[in-house]
1. Counting Lys and Arg as +1 and Asp and Glu as -1, what is the net charge of the other residues whose Cβ lies under 13 Å from the Cβ of Lys245?
2. Taking the full set of protein chains and a 1.4 angstrom probe, give the accessible area of Leu191 in square angstrom, rounded to the nearest 10.
3. If I compute volume of the Cα convex hull per residue in Å³ from the structure I just sent, which labelled value in (1) 168; (2) 154; (3) 127 lines up?
4. Using each residue's phi in the stretch 126-132, evaluate 6.51 cos²θ - 1.76 cosθ + 1.60 at θ = phi - 60° and report the 3J(HN,Hα) Karplus result to the nearest Hz, with x for Gly and Pro.
5. Could you give the accessible area per residue of the chain, probe 1.4 Å, as a whole number in Å²?
6. Given a Förster distance of 51 angstrom, what is the FRET efficiency for Lys105 paired with Asn16, based on the Cβ-Cβ distance and rounded to 0.05?
7. Using a 1.4 angstrom probe with every protein chain in place, what is the largest-first accessible-area order of Glu109, Glu222?
8. Run the numbers for Thr310 and Phe154: contour at 0.36 nm per residue of separation, minus the present Cα-Cα distance, in nm.
Amino acid sequence: MKPRIAVLGCGYWGSNHIRTLKALGALYAVSDANRARAEGFASEQDCLAIEPDRLFERTDIDAIVMALPPQFHADTAVRAVESGKDVLVEKPIALTVDDAERAVKAATENGRIFMVGHVLRFHPAFETLKALIENGELGEVRYIHSHRLGLGKFHTENDALWDLAPHDLSMILAITGTEPIEVRGEGAALLDNLSDFAHLHMRFPNGLRSHLFASRLNPYRERRLTVVGTKAMAVFDDVEPWERKLAVYRHAVWQDSGQWAFTANEPAYVAVGEGMPLTRELAHFMQCIETRAEPRTDGEEAIRVLRILTAGTVIHTGSSA
């Protein structure tokens, strides 16, 4: 029997979870502080609408997907795992490392699955990219940079860095297999006291370096992760159509008579199986519930991401910076 999963939080991203879980045959209930909103989804998706406070006492619910404002995630996750529920918590799982550690510890102590919504880890293009790296196709990875730019969304509690960067940080950490030893952040706030533009510069123990640029005030969309290796470079561009999402550039650079020379080759597009990352993420969550296996995006990874976000956050005291 498939796990019976409730979605807590019926906003923009919660609604995506609701529809995807319904398609997977695992949606059992929806819950939201706005009762009418929950009842609307319950009617539309033919499931139960349950008050948030009653969700945790229900013995007919196996797991909860949480898509709440991040300031509520940690306390709600603790309450859920202490009630015997497995949880998938959307990013960011908390606004402080201490809160994140408290929630993950509670899950461990109660023997519950704790998964985090770093959805791009389940993107077929990223999975293929990671396999190329592990197979040595790019040589030794020396530099990674990611750009996640666009207009909106705007939040009152978290800035562009906290809203947009967790996905890319999760991918970068998956590639490097380790945490950075140095994190430096830069930010600019135009609308209020939260960064609308954010840069992170990271240095890793093996000398690998990385930078991340996130913006919610950009006139065009960019969703690009670039990995530079000693043999080749690869680009995962999620704005491109499926047949062009993953490109490998086999450029060559060498010294000739004391001068640098190079050849620039056309990209080779790598075949990527199509599949919706959220569907794959939730299917993985269901599998973890059934098998009790540790999720690919577990709580410890989320804590590592929060450490980087915290180290790279710029505090603005005026109306702009």
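1. -3
2. Surface accessible to solvent at Leu191 totals approximately 100 Å².
3. Calculated volume of the Cα convex hull per residue in Å³: the matching label is (2).
4. 5, 4, 5, 4, 4, 5, 4
5. 46 Å²
6. 0.95
7. Per-residue accessible area, sorted high to low, gives Glu109, Glu222.
8. Once the chain is fully extended between Thr310 and Phe154, it gains 54.2 nm.
The values are calculated or read from the model by the stated rules, or taken from the named source; none is laboratory data. None of the values given here were measured: they were computed from a predicted structure. FYI the Cβ positions are ideal-geometry reconstructions off the backbone, even for glycines, and counts take in every protein chain you see. Side chains are part of the model used for accessible areas, which takes the heavy atoms of the whole protein and leaves out ligands, DNA and RNA. Shrake-Rupley method; radii C 1.70, N 1.55, O 1.52, S 1.80 Å.
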